[in-house]
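Contents: one structure, followed by commentary.
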Amino acid sequence: MSTASFHAMIDMQRGAGRLPVFNIPAGVSFVDRLAQTMLDWAQDDALSLSQYLVLLPSRRACRSLREAFLRLTDGAPLILPRMQPIGDVDDEGLDVLLSATLAEQPDAPADFLDIPPAITPLHRQILLARTIHAAKGGAGGIVPSYEQALSLADELGKLLDEVQTEHLSFDGLQDLVQEEKFAQHWQSTLTFLSILTEHWPDILAEREMIDPAARRNRLLEAQAQLWQQQPPQQKLVIAGVTGSIPAVRDLIKTAVALPDALMVLPGFDPLMSAEDWQHVTDEHPQFYLKLLLEHLGMPGSDVALWPGTAADTPTARLISETMRPAVTTDRWRGLSNRDIDENALAHIRKIDCKTAQDEALVIALAMRGALETPEKTAVLITPDRNLSQRVLACLERWDIACDDSGGTPLSETQVGRFLLLVAAAAQEKDSPVALLACLRHKLTHAGLTQEEIDLWRNLLDRELRKHTLLNITTRLEELGDHGDLPLRGWQHVHDCLEHLRLLTGGTAHSLPAWFDAHLAAAEQLAATPEEAGAEILWRGEDGEAAARFLQEIAELSGDVPDLNDAQYVALLQNLMKNTVIRPRYNLHPRLAILGQMEARLYSADLVILGGLNEGVWPHDPGHDPWMSRPMRKQYGLPPAERRTGMEAHDFAQAVSAREVIITRAQNIEGTPTVPARWLLRMETVLNAVGLSWPVQRDIAGYAEILDRPEQTLPCARPAPSPPVADRPRKLSVTKVEAWMRDPYSIYARYVLGLEALDPLERDPGAAERGQIMHKILEDFVRDHCMTGVPDNAYDLLLEYGQREFENMRLPDDIYVFWWPRFERLADALVRHERKWQREAVPALVEAYGGRDFDAPAGVFRLSARADRIDTMRDGSGAAIIDYKTGTAPQIGDIVAGFSPQLPLEALLVAGTAFSGLPLSETAELLVWQVSGGHPPFQAKNYKADDIRRAIDNAAIGFPALVAAFDNPDTPYYAVPDLDKAPAYNDYAHLERLGEWGYVEKL
């Protein structure tokens, strides 16, 4: 075409009484087709394209069109048309467009550019948070904390943008409040929103700023007024804009009325019948296009087809039928194989994956496969940020870095995480977890070399599992194996955090004071012997972004109230997560991961649609925190379904590309998912015409075998046989049970010297509860029950319990459960003690005893610490009592030797191993269950015959067990009998129990 063809297209429409509105249908690369047509207009005149002004929805759309021109001209020198985005709320393109228009109109009023600057989202959130926090009253009269105020401010900012985008006034909130039909809690919410009507306008006016959405509206309105007064000198092409923003619709209405202007719609569906068009609702993909055409006063039938495109294709028919309005879906009953051609699915592959990780791997393989074809491009379109991150991680196995439009929140970058960890280490000064999390960050060097810091933090980790932060300095002074490193490293870390820790404790300080202390601590912790911390911390993309972020907040410090430590950390966390970092370098030029909005007008050879599940794509609209659906409708805000309509349009456009892969996960974190409604609709249409999704196993099959070994051979049951000289020569009676049930655990603990590390921090559990009960009963019985039970025994027992509970410093949420159980136990135990002491008298409490046994390899010592040993009043012997807060052992296990504690203690009694106990006979083996549950106390008595058999078996079996393991050929098997496996096993991972044990179970 010649340049006149631009005017010819306009004249063709206007001559028929129609506006110059055209359509590039789905299935055609929008930017490629637009660029090719404009090149045809230019013919061989390389300068003529500069005569055009192209308005596009976003900056990425502008970039896509530029790339299309370069592709079509093979990178030949070319003066491109001027391209301006008009949909981005924070874009400077509208300022540039308005300034250029004013330059063409010297007679225009000077105040057209007198529009206040927009407040930044960060500044707005800080100001709103301060206002909310200072108001001292939230919804329902609840006073929000500063942390809550920050989150509320973020949501209020979104409401501000939505209200101003729709050209609504906040005065309407007052009318809404007066409606008596809304529930009381909504009335409270609307009262809270008075912040926007009473305070926010004054705050903005004081700073001579306006909200970003309001500024965009004013710029668009000013642009429309200028074009009404004088058309632009350039030929105007409005391309790919759906008109979802009212101010943009107004600008388009003005533009298409200009003599040298036309508009190109993206993905308008000309195959819809007039009846279907009338039933298009908010959640339909054509809704915004219908809204735009109605705003222009133009029926859909007047939209012309763009040159070089075809609307009636098999895929277009399938998509149009799939997206049919709900009220006319009864027409599906009449579909036949003549309505949808089988070629409609020729370019589409659908892959249902088992899990989200499987889906990510399939997508990564598809993107990696695309790179095998020269010049082929691929894009993943998904709103699922978790899926995007998984795909990026999968691509790293091939050293591929991909452009991700979603970016990474500053709080998840290396520098962002480091800054938050430093703040947490100072705030939680008594927490070893917070300290070690900071010290284990890769940026932490604390003035030490890499070798020194690695050694030192491992050393500190080990010691903090046995010692508290209060006495760690003393412990580090005692370590002489590593020179002065332990104490030197600790002192340097202490000095780095000291100034920042001085600000903690609940006292409020100014933001500059926090910043000075925080950044000084971070820089000192990042420093190495060769390089200053500032040089390490603030370099790289994330370091530069963090520096800009902190600088912006510092400039706004006058609007931030004084903060305590918790509020300061909350401020950083909240604002960092809303600050997104997008890498600029070392990205693969042919791959991209985009959200739905960024993908509009994007062109790629392979389009992958990921996360096609309900609640993801389309999103779950959830609940508006500010207004109910009827309130939104009355106020004039659009319903949540409109976003679903935009997502449906994005799906329809993307699925019509040249090559498409659709993926979804059938389960996410163990929860079954529901396919996106459009997939279910499409499947219904396909079934109606006798078609189905083609079976696709290539990529999914590759993903399944990618990490699968050629052959899997489970290991055999571990059976180490160390030399007899290395085997243990003494054990306690409790360890003998482990010896019987899992000999490997004895090998690991006493031959290899491996001991399970204690957790750094954990809530008290079953072990601690057992310890506290044993300690209470030991002291109580020794002090008050050796010669009888006093009348006030219950009160005394509660007193001892209260003392030990206080010494344990139990968290409140655990204390409220444990203490009532102990009160129940105390009452039942005292009553049983009175009854029991009619038959026996306490002799020993928490008594240690040991006895040597002759064995083939030498003496073997057996030891025990008995909870309690009483003497029977009838002189029949001793009663050995074991306290249990858990379940009591079964008599079968006791007799068979799998629970040998009590019989072995009887052997020690027989050998007079317990000092102060003259008896050598055992009359009773008792387990007292002191759980405090229901029942709170239970005495487990065993029959005399069973007791005698258990003791006799122990007398024979224990020496035989020792003799067996004195044989160098006897291995330390891992769990010889899986049915008798120990309840707790610290060495199961070393035994690889889940590998060979599962096979044996089969």
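For residues that are closer than 20 Å to residue 30 by Cα and of a type outside the set (A, V, I, L, M, F, W, C), tally how many sit in region 303-339.
9
Checking residue 302 against (1) of a type outside the set (Gly, Ala, Ser); (2) farther than 30 Å from residue 41 by Cα; (3) assigned by the TED database to the domain that holds residue 30; (4) open to solvent by 20 Å² or more (accessible area, probe 1.4 Å), which test does it fail?
Condition (2) is where residue 302 drops out.
Checking the conditions here, which among 439, 371, 365 is of a type outside the set (S, T, N, Q), touching a residue at least 24 places away in the same chain (Cβ under 8 Å) and open to solvent by less than 10 Å² (accessible area, probe 1.4 Å)?
Exactly one of 439, 371, 365 is of a type outside the set (S, T, N, Q), touching a residue at least 24 places away in the same chain (Cβ under 8 Å) and open to solvent by less than 10 Å² (accessible area, probe 1.4 Å), namely 439.
Of everything in region 230-244, what is in contact (Cβ under 8 Å) with a residue 40 or more places away in the chain and touching an Asp or Glu at 6+ places or on another chain (Cβ under 9 Å)? Give them in sequence order.
Residues satisfying the conditions are 230, 232, 233, 234, 235, 236.
Among the listed residues 794, 744, which satisfies the condition of being open to solvent by 60 Å² or more (accessible area, probe 1.4 Å), hydroxyl-bearing (Ser, Thr, Tyr) and farther than 30 Å from residue 357 by Cβ?
On inspection, the qualifying residue turns out to be 794.
At least 2 residues that are out of contact with any Lys or Arg (no Cβ under 6 Å at 6 or more places or on another chain) and open to solvent by 30 Å² or more (accessible area, probe 1.4 Å) in each: list the strands (runs of 3 or more DSSP E) lying fully within region 806-886 that qualify.
The strands (runs of 3 or more DSSP E) meeting that bar are 840-853, 860-872.
Among (1) over 22 Å from residue 719 (Cβ atoms); (2) of a type in the set (Phe, Trp, Tyr); (3) assigned to a loop (DSSP other than H, G, I, E, B), which single condition is residue 972 missing?
Of everything listed in (1) over 22 Å from residue 719 (Cβ atoms); (2) of a type in the set (Phe, Trp, Tyr); (3) assigned to a loop (DSSP other than H, G, I, E, B), residue 972 misses just condition (1).
Are any residues in region 970-994 touching a Pro at 6+ places or on another chain (Cβ under 6 Å) and open to solvent by 60 Å² or more (accessible area, probe 1.4 Å), and if so, which ones?
973
Pairs only if they're at least six apart or on different chains, beta carbon under 7 angstrom, first in region 150-175 and within 16 Å of residue 135 (Cβ to Cβ), second assigned to a loop (DSSP other than H, G, I, E, B) and open to solvent by 20 Å² or more (accessible area, probe 1.4 Å); list them, first residue then second.
155/625
Would you pick out the residues in region 312-335 that are in a loop (DSSP other than H, G, I, E, B) and either among the aliphatic types (A, V, I, L, M) or modelled with pLDDT of 90 or more (or both)?
Hits for region 312-335 are 313, 323, 324, 325, 335.
Report those helices (runs of 4 or more DSSP H) wholly inside region 697-802 carrying at least 2 residues which are among the acidic types (Asp, Glu) and more than 46 Å from the chain's Cα centre (by Cα).
766-784
Would you confirm, using the coordinates I've provided, whether residue 963 is of a type in the set (A, V, I, L, M, F, W, C) and either open to solvent by 30 Å² or more (accessible area, probe 1.4 Å) or out of contact with any Leu (no Cβ under 8 Å at 6 or more places or on another chain) (or both)?
yes
Somewhere in region 236-247, is a residue over 20 Å from residue 117 (Cα atoms), open to solvent by 50 Å² or more (accessible area, probe 1.4 Å), modelled with pLDDT of 85 or more and over 35 Å from the mean Cα position of the chain (by Cα)?
No, there is no match, as no residue in region 236-247 is over 20 Å from residue 117 (Cα atoms), open to solvent by 50 Å² or more (accessible area, probe 1.4 Å), modelled with pLDDT of 85 or more and over 35 Å from the mean Cα position of the chain (by Cα).
Can you pull out the residues in region 668-695 that are under 11 Å from residue 611 (Cα atoms) and among the polar types (S, T, N, Q)?
673 - this is the single residue of region 668-695 that is under 11 Å from residue 611 (Cα atoms) and among the polar types (S, T, N, Q).
With a cut-off of at least 2 residues that are in contact with a strand residue (DSSP E or B) (Cβ under 8 Å, 6 or more places away or on another chain), name the helices (runs of 4 or more DSSP H) lying wholly within region 582-672.
Because the criterion is at least 2 residues that are in contact with a strand residue (DSSP E or B) (Cβ under 8 Å, 6 or more places away or on another chain), the helices (runs of 4 or more DSSP H) in region 582-672 that meet it are 596-599, 641-654.
Got a number for residues in region 254-299 being of a type outside the set (D, E, K, R), open to solvent by 50 Å² or more (accessible area, probe 1.4 Å) and in a helix (DSSP H, G or I)?
Here the count works out to 3.
In contact (Cβ under 8 Å) with a residue 40 or more places away in the chain and crowded, with 22+ Cβ neighbours inside 10 Å: which single residue out of 939, 950, 896, 923 fits that description?
It is 950.
Among all residue pairs at least 6 apart or on different chains, which show Cβ distances below 6 Å where the first residue, located in region 509-536, is in the same structural domain as residue 441 (by the TED database) and under 18 Å from residue 421 (Cα atoms) and the second is assigned to a loop (DSSP other than H, G, I, E, B) and hydroxyl-bearing (Ser, Thr, Tyr)?
Here the result reads 525/444, each pair linking region 509-536 to a residue that is assigned to a loop (DSSP other than H, G, I, E, B) and hydroxyl-bearing (Ser, Thr, Tyr).
How many residues are open to solvent by less than 10 Å² (accessible area, probe 1.4 Å) and in contact with a Lys or Arg (Cβ under 6 Å, 6 or more places away or on another chain) if we restrict to region 597-647?
Adding up the residues that qualify gives 2.
Output the qualifying pairs, or none if there are none: Cβ atoms under 8 angstrom, residues six or more apart or on different chains, first residue in region 20-41 and touching a residue at least 24 places away in the same chain (Cβ under 8 Å) and at positive phi, second residue of a type outside the set (Asp, Glu) and open to solvent by less than 30 Å² (accessible area, probe 1.4 Å).
Taking only residues 6 or more apart or on different chains, the pairs are 27/315; 27/316; 27/656; 27/657.
Go through 297, 369 for me and flag whichever is outside the structural domain of residue 671 (by the TED database) and small (Gly, Ala, Ser).
Answer to the selection: 297.
Just the residues that are open to solvent by 50 Å² or more (accessible area, probe 1.4 Å), under 20 Å from residue 419 (Cα atoms) and among the aliphatic types (A, V, I, L, M), please, taken from region 478-507.
The one that is open to solvent by 50 Å² or more (accessible area, probe 1.4 Å), under 20 Å from residue 419 (Cα atoms) and among the aliphatic types (A, V, I, L, M): 502.
Can you pull out every residue in region 6-39 that is assigned to a helix (DSSP H, G or I) and either of a type in the set (Lys, Arg) or open to solvent by 20 Å² or more (accessible area, probe 1.4 Å) (or both)?
Selection gives 7, 8, 11, 12, 14, 15, 32, 33, 36, 39.
Quick one: count up the residues across region 707-741 that are farther than 27 Å from residue 995 by Cα and open to solvent by 80 Å² or more (accessible area, probe 1.4 Å).
Number satisfying all stated conditions: 3.
Restricting to region 539-556, name every residue that is open to solvent by 30 Å² or more (accessible area, probe 1.4 Å), within 22 Å of residue 424 (Cβ to Cβ) and touching a residue at least 12 places away in the same chain (Cβ under 8 Å).
Result: 542, 554.
For the subset of region 572-592 comprising residues that are of a type in the set (A, V, I, L, M, F, W, C) and within 19 Å of the chain's Cα centre (by Cα), which member is surrounded by the fewest Cβ atoms within 10 Å (Cβ to Cβ)?
The selected residue is 580.
Looking at 741, 769 in this structure, which one is farther than 21 Å from residue 933 by Cβ and of a type in the set (Lys, Arg)?
741
Yes/no per residue for (1) part of a loop (DSSP other than H, G, I, E, B); (2) within 30 Å of residue 922 (Cβ to Cβ):
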residue: 946; (1), (2): no, yes
residue: 951; (1), (2): no, yes
residue: 960; (1), (2): no, yes
residue: 967; (1), (2): yes, no
residue: 976; (1), (2): yes, yes
residue: 984; (1), (2): yes, yes
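The values are calculated or read from the model by the stated rules, or taken from the named source; none is laboratory data. Note that the structure is a prediction, hence the values are computed from the model and not measured. Please note: Cβ atoms are built from the backbone with ideal geometry, for glycine as well, and neighbour counts cover all protein chains shown. Areas reflect the complete protein model, heavy atoms only, side chains present, ligands, DNA and RNA absent. Shrake-Rupley method; radii C 1.70, N 1.55, O 1.52, S 1.80 Å.
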